[in-house]
Amino acid sequence: MSHNAGTGVFSLSVDLGEHAEQRLQTELSPLLKTLRRAQIPATFSARSPGCVGLIEKLRGESLRHELAILADSTWAGPNVGRTRFARELASHVKTAKAHGATIRTIALADTELTSNLDLLVKHRISVVRSPMNTGFQAQSLRFGVWQAPVSFTLPSTGRWQFGGIEWAINRALSRAARSNGLVHLVVGLESLADPTEAATLERILTTVQRRRNKGSIAPVTMQGLLARLAPQRQAVSAHSVLRAA
């Protein structure tokens, strides 16, 4: 990764499920408060970019959060035809624009995307996130599109010794700081209704905040990650991707 030596990257992605509207107050508002306190931006992925109240909430934040499309195997992936994918993608991007948001990232819930990348470029989407791609290194695909790996998920699907996922992420952050690496945590918003999961995330973000203050970790959104991977493209402007409608 081509950013400053001695600085790792932490990225938080938050996936909103099917009933995101009902969860905007119960789970999203407390999360935004936590992010504000820790000064950590996040990439919020929604199945409907025009989800009632979501864009307005993100636009009202001082942090430059990012909005992404959350896609699934019903309209994205290797088993979906090019025509349907093109139609669905265009519809989602149009909906986001109608609500005053710019989409630069597509997050896949249960599939992968290795073809039809030119259709992403048509809509200026430059980051793909897939659960099939795990680890700590982003990969360049084609047409200037990057694939972001998933390092950890919350709720955790792995079995971590000693201190559980917190211990594992803390260890990964140390490694990232030494090697200019990436730690990408994907959180399901609905899981934060569980006080235990919410407390775990808050402790993780506090750890990231402490490392950021020491200058060893830089918290970024997916587009912030791209800016570090390919700075010559100037993928992130000086303004938020959430513009006034």
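Things worth noting here:
- Lysine pair count for the range 8-233 with Cα-Cα distance under 21 Å and sequence separation of 8 or more or different chains is 5.
- Under 18 Å from a label point set 7 Å out along the Cα-to-Cβ vector of residue 170, the amide N atoms of the range 180-202 belong to 183-185, 197-202.
- Approximate shape of the range 71-128 as ellipsoid semi-axes (Cα gyration tensor, √5λ), whole Å, largest first: 18, 11, 11
- The protection proxy used here, the mean number of other Cβ atoms lying within 10 Å of each residue, ranks peptides 207-215, 102-110 as follows, highest first: 102-110, 207-215.
- Protection proxy ranking of 87-98, 32-43, 176-187 - average other beta-carbon atoms within 10 Å, highest first: 176-187, 32-43, 87-98
- Spacing of the two label points (7 Å from each Cα toward its C-beta) at residue 119 and residue 82, in nm: 1.0
- The spread of Cα positions in the range 8-233, taken along each principal axis and listed from longest to shortest, comes to 48, 37, 33 Å.
All of the numbers you see were taken from the coordinates with simple rules; none came from a lab. These numbers were taken from a predicted model, which means no experiment stands behind them. So basically every Cβ, Gly included, is an ideal-geometry build from the backbone, and we count neighbours across all protein chains shown.
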